[in-house]
Each structure stands twice: as C-alpha cells, then as structure tokens.
Amino acid sequence: MITSQDSLVPLTTYSGVIPEKRELTTRPRFSDKVFRAIVTSGGFTSLIILGLIALFLTLQSSTVFRQFGLHFITGFEWSQGDPESGAPAKFGIGAMLIGTLVVSMIGLMIALPISVGTALFINYYAPDWLRKPLTIMIDLMAAIPSVIYGLWGFFILMPHAVYWAKLLHKYLGFIPIFRMPSEIYERSPFIAGIVVGIMIIPIITAITREVFSQVPLDRVQAAYALGATRWTMIRAVVLPFGASGVAGGAMLGLGRAMGETVAIYLVLNLYFIPNFNILFSSGGNVASLIVSKFGESEDFELRALMAAGLVLFVVTLLVNFLSDLIVKRTARKGR
Amino acid sequence: MSTTNYLFDARPTKPWKINRQQLAINSIAFIVVLFLTPAVVAVSPLKGKLGAAVVLFTLATVMNIVISLRRQGTKTLTNSFATSLIYTATALVLLPLASLLFTVIDKGKESIRWNTFTADMRITQPDAPFTEGGALHAIVGTGIIVLIATLICVPIGILTALYLTEIKGRFEGFVRFLVQAMSGVPSIVAGLFIYTVLIVSLGLKYSGFAGALALSILMLPTVARTAEEVLKLIPNDLREAGVALGGTQWRTVAMVVVPAARSGILTAVILGIARVAGETAPLILTILGNTETRVNPANVPMAALPLYTFNLMKTGLNVAISRAWGGALILLILVLILFVTARLLGGRKRG
C-alpha cells in the first residue's frame with residue numbers, strides 16, 4: 001500500500017542510491033511471455049478436457065459402435081447374451097434415449113411456465129423488499145444436491161404424484177399418453193418428470209429473470225403511458241423482448257434434465273421398452289442406465305455403457321451449444 | 001380536500017399504488033377466501049390437498065376478478081387472471097423448496113446422534129439402532145475428496161478466468177464458449193471419463209483421488225465463470241496504474257489485480273465447492289464407497305456423504321433409510337453453510 005506519506009519521502013532515503021534507469025519498451029518482457037504462456041495454457045484446459053472426454057470414450061466404445069452400428073442408437077434390447085445357448089449380446093439404447101426425451105420434456109413442460117411466471121413475479125410484481133430474498137431462495141434450490149431431490153421425490157412427492165396421476169388417468173384417460181397398460185402408478189416418467197422439472201426451475205428462472213431485467217425501461221413506461229395494464233404491458237413488451245432468452249433458458253434446462261442421474265434413478269423404473277404412457281411405471285434415462293448397470297457389468301457391457309455415455313455427452317453438448325447461441329442472440333438484440 | 005392549495009401542498013402521488021382502503025378490501029377478500037375454501041371442499045366432491053389447492057386458486061382468482069371489475073371495468077379481466085397465475089407460479093416454486101427443507105430437517109434429525117460424527121459403519125449393519133455406527137467415514141471422505149478437487153481445480157479455474165479478462169487473446173470467445181460447454185457436461189459423463197482413463201486405461205484402483213478428479217471437472221466451469229465475473233469488476237484504472245508504475249503485466253496481475261479481487265475469488269471457490277459437494281453420480285463410478293474411515297486418497301475405495309446417503313437409501317430398510325435422511329441433513333447443512341458464506345462474501349463486495 002502506498003500512503004500519502006510515502007510519496008513525500010524522496011526515493012533516495014530508501015536505499016541511498018537512485019535506481020538504474022529502466023529500458024523503455026512496449027515489447028513484452030521475458031517474464032510476461034512466460035506469464036502469458038501459462039495463463040493461455042490454463043485457459044485452454046477446458047478444450048483439452050472436453051477433447052480427452054470425447055477421445056477416451058470414443059476409443060473405449062469404438063468396438064461397440066463397430067459391432068452394432070446405428071442399431072446401438074435405435075435398438076431396444078439390452079442383454080449380455082447367453083454363452084450356453086449361444087445367444088449373442090445385444091446392446092441398444094433406443095428405449096433409454098426415448099425415455100430421456102420423455103422425462104425431460106415433461107420436466108420442461110412443468111418447469112417452463114412456472115419459471116417464466118416466477119421471473120415475471122420477481123421483476124414486475126414483487127415488492128422491492130421481496131426481490132432479493134426470492135432470488136436467493138431460487139439460487140438455493142439450484143444448490144441442493146440431486147440425491148436429496150431423489151430422496152424427497154421418492155418418499156414425499158411420489159404418494160401425492162400417484163394420486164394426481166390417478167386423477168389424470170380417470171378424467172383424461174382418453175388421451176393416449178394417459179392410458180395405462182396396467183394399474184401401476186409408482187416410479188413413472190410422470191413422477192420423474194416432476195422431480196426433474198423442480199430441479200431445472202432455478203436454472204430456467206435465473207436466465208429468464210436476467211433477460212427480463214434487461215427489457216428497456218422506456219418501452220415499459222411507454223406501454224404504461226399508453227394505458228396498458230400490467231399484463232398487457234408484459235404481453236406487448238416483456239415477452240416479445242425476452243422470447244429468445246426464454247427459449248435459450250429452456251434449452252439449458254433441457255440439457256440439465258437430460259444429464260440428470262441419481263434423482264431419476266431413484267424415482268424411475270428402468271425398462272428397456274419404449275413407453276409413451278407417461279403415467280405407467282416404466283421408462284428410461286441414459287444417465288441412470290449407466291449407474292444401474294455399472295456395478296454388475298463387465299468387459300463388453302461396460303464398453304456399451306461408455307458408448308451410452310458418449311452419446312449422452314454429444315447430445316447434451318449439442319443442446320448446450322444451441323442454448324448458448326440463442327441466449328447470445330438475445331443479449332445482442334438488447335443493446 | 002377540494003380546497004387544497006396545490007402550490008404549497010403539492011406532493012407527488014402514485015395513482016397506480018393501491019391505497020389503504022383498497023388494501024383493506026384485498027386483505028378481507030383474501031381472508032374470506034381462506035375460510036371459504038374448507039367449506040367448499042367439505043360440500044363439493046373435490047377432496048384432499050389437491051382439491052383444496054384447486055378451490056383456493058379458483059376462489060382467489062374469482063375474488064380478484066370481482067374486485068378489479070368493480071375498480072376498473074371489464075378491460076382488466078385478463079390482467080387479474082394473469083396476476084393470479086403468476087402468483088400461483090411463484091407459490092409452486094416455493095412449495096417444493098419449503099417441503100424439501102422441512103422434510104430433510106424433520107426426518108434427518110431422527111437418526112442424528114453424537115456417534116453419527118464419531119463412528120463409522122465398519123462393524124455396524126445399516127439397520128442397527130442409531131446409537132451404533134455413524135457417518136464419520138462419509139464426512140471425512142467428502143472432506144478429503146472435495147479438498148483435493150479444490151486444489152486441482154482452483155489454479156486452473158483462475159488461470160482460465162485470467163485468460164478471459166487479462167490476456168483477452170484471439171480465442172477469448174472460443175474459450176468462453178468452451179467453459180460454457182463444460183458446465184453442461186452431465187456429472188455421470190465426468191465420472192465415466194475418469195473411470196475410463198484412470199481405472200480402465202491406466203489400471204489404477206478405485207480411489208478418492210479419482211473421485212476428486214471427476215469433481216474437479218465439474219467444478220472448473222463454476223470457478224472460472226464466477227472468477228471471471230469478479231475480475232471484470234476490477235476497474236481498469238488499477239491495471240493501468242500498475243503498468244504505469246513500471247510493473248510488468250504479470251506483476252500487475254499478481255500484486256494488484258488478483259489481490260483486489262481476493263474476496264470475489266474466494267466466493268468463486270466456495271460456489272465451486274458447493275456445486276460439487278453433493279454430487280453422487282460421478283462418485284459411484286470412481287470412489288465406489290466403503291464403510292471404514294480412511295484418509296488415504298490413493299488406491300482404496302472411499303466413502304462420501306452423497307454416496308453414503310444414496311447407498312443406504314438403496315437398501316430399502318427402514319432404519320437404513322432413516323440414516324440416509326440423516327446423511328442428507330448433514331449434506332444439506334454443509335451446502336447451506338457454503339451457500340451462505342458465498343452470499344455474505346459476495347454481498348460485502350457489492351455493498
């Protein structure tokens with residue numbers, strides 16, 4: 001720290017000698033070159049890690065892809081085969097991919113309206129003193145570990161959700177997705193979807209709130225000045241402005257929902273049959289497939305799990321990339 | 001009132017703000033709705049909590065619409081309806097959070113005894129009484145794994161943030177994109193990757209170190225992005241002053257910029273720890289879990305709190321599940337402490 005007193009003392013009193021004149025240059029010195037090299041290599045660590053993930057998973061699972069080809073993605077069967085009867089091993093994650101999509105879409109459909117509503121509430125309805133606590137509480141929701149969501153979903157939410165599912169089946173059973181092959185409501189994609197939905201609410205809310213808060217104030221005031229009610233203002237100004245931000249947030253939430261593991265493992269019944277009856281106790285998820293088969297699998301099945309991990313990695317990377325693109329576009333529009 | 005002298009008594013008014021009388025009407029209406037709900041539930045075929053919630057929502061919306069109809073006419077119908085929906089959405093967010101916090105505390109405290117923090121499960125069956133065994137091995141395991149993950153991740157995270165704010169090279173946008181992409185890597189994939197590299201390819205054993213590596217992958221984007229935000233807030237004047245005093249760039253960064261961002265960088269680290277402390281999936285594939293208190297992170301399976309909770313839950317035994325809730329409570333308290341600390345540090349910086 002340099003205080004005002006220091007600067008009054010002549011330099012010579014420190015050492016008795018005037019330091020040698022330094023070379024004036026804009027050329028980076030040696031120490032700076034080292035610094036920049038270290039920092040740059042640090043900056044590219046993420047590239048290296050992402051590359052290594054892709055490389056190692058591809059190397060380890062290449063035999064699986066070579067043997068099954070596209071059937072690994074479209075096939076619905078998962079069996080180690082039987083050496084005695086000579087039945088070959090068959091690995092396909094089609095049902096799991098469909099299950100992942102079903103669960104995360106249910107989650108998204110539950111989370112999106114609630115998140116947008118909450119973001120609107122925080123920005124345009126809540127009194128000033130409530131805004132910060134609400135934001136903190138929603139951030140806290142994002143920090144709660146997924147195993148706790150799984151426990152809560154299994155023991156607390158499930159009994160309620162089963163009741164809701166019965167109501168849906170009773171009154172809306174004519175819609176194909178609410179049909180029941182048999183009356184087992186526990187551990188269904190519906191319940192897993194609710195749990196995942198609750199888990200991605202904080203993510204979507206955070207992004208949506210951020211985008212809504214960037215809505216230019218003059219447009220809001222102009223709408224009010226033209227006699228708009230709060231809702232007509234939101235519909236005419238806030239929603240059009242924030243639409244692509246909301247879409248980006250939704251995509252990000254979708255990516256998270258697809259990669260969710262233990263919470264889904266605990267509340268979803270894993271079956272290798274594609275199931276669109278969302279209230280029925282059968283479904284799948286690539287991530288929880290890996291956890292559930294990991295302990296008992298060897299050699300080739302393990303490689304198949306790595307292949308499943310690679311597919312999951314690529315899919316979530318794509319979804320994230322898209323969401324990043326969409327959010328960035330909004331940010332540019334705001335300026 | 002009509003004789004008010006506007007010249008001297010002009011006060012700004014806020015015509016859009018509800019006045020005291022309207023507030024009173026609103027409150028009375030809300031109380032009426034609260035009392036009416038159980039009555040309607042009792043006489044109608046609707047049952048249970050869901051029925052009550054539906055009735056409450058409908059009555060509140062109707063009441064809201066009636067009040068605004070009287071005040072402003074038919075044009076505000078959709079506005080009142082939207083207001084009801086938006087309040088409901090917020091309630092629907094807070095309800096699960098409150099339920100979750102309440103349940104974890106309520107169910108978790110049953111199994112917490114003094115020995116939970118002093119004993120492990122080495123010689124205890126999962127369904128033994130709560131006075132035997134404990135979670136010491138899991139707590140120690142989580143501590144060690146998270147510590148190692150932090151030591152690996154923090155330097156890399158800060159370097160990444162420095163690259164984005166200090167060097168601003170040609171690849172700034174690309175690196176930022178990579179960090180964003182990394183934050184989307186599912187935790188199970190991080191675990192699978194470390195498993196593939198360390199255990200399959202290099203032939204090492206399950207160990208706390210492998211778990212720490214998996215966690216540091218998940219921690220990196222959080223640390224890097226938060227640190228970047230903080231470093232961006234450091235005024236450029238400081239950097240220019242450092243260089244103007246004859247400092248080289250690295251001395252300016254090391255002695256001026258980073259120290260100025262100290263508390264923010266600490267916040268970044270804590271947020272990173274909070275992000276990974278509760279991760280279960282990658283640990284299943286890398287540390288495997290055990291029942292003995294171990295401090296050696298190499299070559300032997302280790303335990304961790306989330307994994308301890310998960311494994312006890314899977315046993316399906318009532319007592320074991322109670323223990324699992326206990327583990328969840330300890331984990332929740334840990335995450336809460338980290339979260340509050342990060343908030344306090346971050347808040348002080350901004351204030």
With respect to B:Ile270, is the statement that it is assigned by TED's automatic domain parsing to the domain that holds B:Ile167 and open to solvent by 10 Å² or more (accessible area, probe 1.4 Å) true? yes
Go through segment B:148-175 residue by residue and tally those that are within 23 Å of B:Leu307 (Cβ to Cβ) and touching a Pro at 6+ places or on another chain (Cβ under 9 Å). 1
Test: residue in segment A:319-327 that is touching a residue at least 12 places away in the same chain (Cβ under 8 Å), out of contact with any Cys (no Cβ under 7 Å at 6 or more places or on another chain) and under 26 Å from A:His71 (Cα atoms): yes
Top-ranked residue of segment B:209-246 - restricted to ones that are at the interface with another protein chain (Cβ under 10 Å from one of its Cβ atoms) and outside any helix (DSSP H, G or I), ranked as nearest to B:Gly346 (Cα to Cα): B:Leu245
Could you check, for segment A:250-268, whether at least one of its residues is over 22 Å from A:Phe65 (Cβ atoms), modelled with pLDDT under 90 and not aliphatic (A, V, I, L, M)? no
Select from segment B:248-267 the residues that are open to solvent by less than 30 Å² (accessible area, probe 1.4 Å) and at the interface with chain A (Cβ under 10 Å from one of its Cβ atoms) and list them in ascending order. B:Thr248, B:Thr252, B:Val253
Could you tell me which numbered condition B:Leu204 fails, if it satisfies all but one of (1) within 21 Å of B:Leu151 (Cβ to Cβ); (2) open to solvent by 10 Å² or more (accessible area, probe 1.4 Å); (3) within 27 Å of the chain's Cα centre (by Cα)? (3)
If you take the residues of segment A:114-123 that are within 22 Å of the chain's Cα centre (by Cα) and facing chain B (nearest Cβ under 7 Å), which of them is surrounded by the fewest Cβ atoms within 10 Å (Cβ to Cβ)? A:Ile114
Taking the stated definitions as given, is A:Arg187 over 28 Å from A:Val116 (Cβ atoms), open to solvent by less than 80 Å² (accessible area, probe 1.4 Å) and either part of a helix (DSSP H, G or I) or of a type in the set (Lys, Arg) (or both)? yes
If we scan segment B:297-304, do we find a residue that is in a helix (DSSP H, G or I) and not charged (D, E, K, R)? no
Mind listing whichever residues of segment A:124-171 are open to solvent by less than 60 Å² (accessible area, probe 1.4 Å) and more than 10 Å from chain B (Cβ to nearest Cβ)? A:Pro127, A:Pro133, A:Thr135, A:Met158, A:Ala161, A:Val162, A:Ala165, A:Leu168, A:His169
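Conditions (1) at pLDDT below 85; (2) over 29 Å from B:Asn318 (Cα atoms); (3) assigned to a helix (DSSP H, G or I), marked per residue:
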site	(1), (2), (3)
B:Ile67	yes, yes, yes
B:Ala89	no, yes, yes
B:Leu97	no, no, yes
B:Phe102	no, no, yes
B:Ile105	no, no, yes
What is the residue count in segment B:107-124 for residues that are of a type outside the set (A, V, I, L, M, F, W, C) and assigned to a helix (DSSP H, G or I)? 7
Which numbered condition A:Gly193 misses (of (1) within 14 Å of chain B (Cβ to nearest Cβ); (2) open to solvent by 60 Å² or more (accessible area, probe 1.4 Å); (3) in a helix (DSSP H, G or I)): (2)
Of the conditions (1) open to solvent by less than 50 Å² (accessible area, probe 1.4 Å); (2) out of contact with any Ser or Thr (no Cβ under 9 Å at 6 or more places or on another chain); (3) more than 14 Å from every other protein chain (Cβ to nearest Cβ), B:Leu100 clears all except one; give me its number. (3)
Within segment B:153-186, track down each residue that is open to solvent by 40 Å² or more (accessible area, probe 1.4 Å) and either touching a residue at least 60 places away in the same chain (Cβ under 8 Å) or under 26 Å from the mean Cα position of the chain (by Cα) (or both). B:Pro155, B:Ile156, B:Leu159, B:Arg176, B:Phe177
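Taking the condition buried (at least 21 other Cβ atoms within 10 Å of the Cβ), among the β-branched types (Val, Ile, Thr) and in the same structural domain as B:Thr58 (by TED's automatic domain parsing), does B:Val146 pass?
No; evaluated as a whole, the condition is false for this residue.
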Among the residues of segment A:217-256, which ones are in contact (Cβ under 8 Å) with a residue 24 or more places away in the chain, over 30 Å from B:Ala281 (Cβ atoms) and open to solvent by 60 Å² or more (accessible area, probe 1.4 Å)? A:Arg230
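For residues that are hydrophobic (A, V, I, L, M, F, W, C) and more than 17 Å from B:Ile148 (Cβ to Cβ), scanning just segment B:207-231, find the one that is surrounded by the most Cβ atoms within 10 Å (Cβ to Cβ).
Among them, the one singled out is B:Ala224.
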Return the pairs, sorted by first residue and then second, in which the second residue is open to solvent by 30 Å² or more (accessible area, probe 1.4 Å) and charged (D, E, K, R), the first residue lies in segment A:42-66 and is free of Cβ contacts under 8 Å to residues at least 60 places away in the same chain and facing chain B (nearest Cβ under 7 Å), the beta carbons are less than 9 Å apart, and the residues are 6+ apart or on different chains. A:Gly43/B:Glu172
Quick count over segment B:28-65, residues being open to solvent by less than 80 Å² (accessible area, probe 1.4 Å) and not in a helix (DSSP H, G or I), is 2
Residue check for A:Ala308: touching a residue at least 12 places away in the same chain (Cβ under 8 Å), surrounded by 24 or more Cβ atoms within 10 Å (Cβ to Cβ), more than 8 Å from chain B (Cβ to nearest Cβ) and in contact with a strand residue (DSSP E or B) (Cβ under 6 Å, 6 or more places away or on another chain): no
Of the criteria (1) open to solvent by 50 Å² or more (accessible area, probe 1.4 Å); (2) part of a helix (DSSP H, G or I), which one B:Glu132 fails: (2)
Looking at B:Val340, is it more than 12 Å from every other protein chain (Cβ to nearest Cβ) and either open to solvent by 20 Å² or more (accessible area, probe 1.4 Å) or not in a helix (DSSP H, G or I) (or both)? no
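The values are calculated or read from the model by the stated rules, or taken from the named source; none is laboratory data. What you see is a predicted model; the values in this text were computed from it and never measured. Positions of Cβ are backbone-derived with ideal geometry, glycine not excepted, and every protein chain shown enters the neighbour counts. Calculation scope for accessible area: heavy atoms of the full protein, side chains included, ligands and nucleic acids excluded. Shrake-Rupley method; radii C 1.70, N 1.55, O 1.52, S 1.80 Å.
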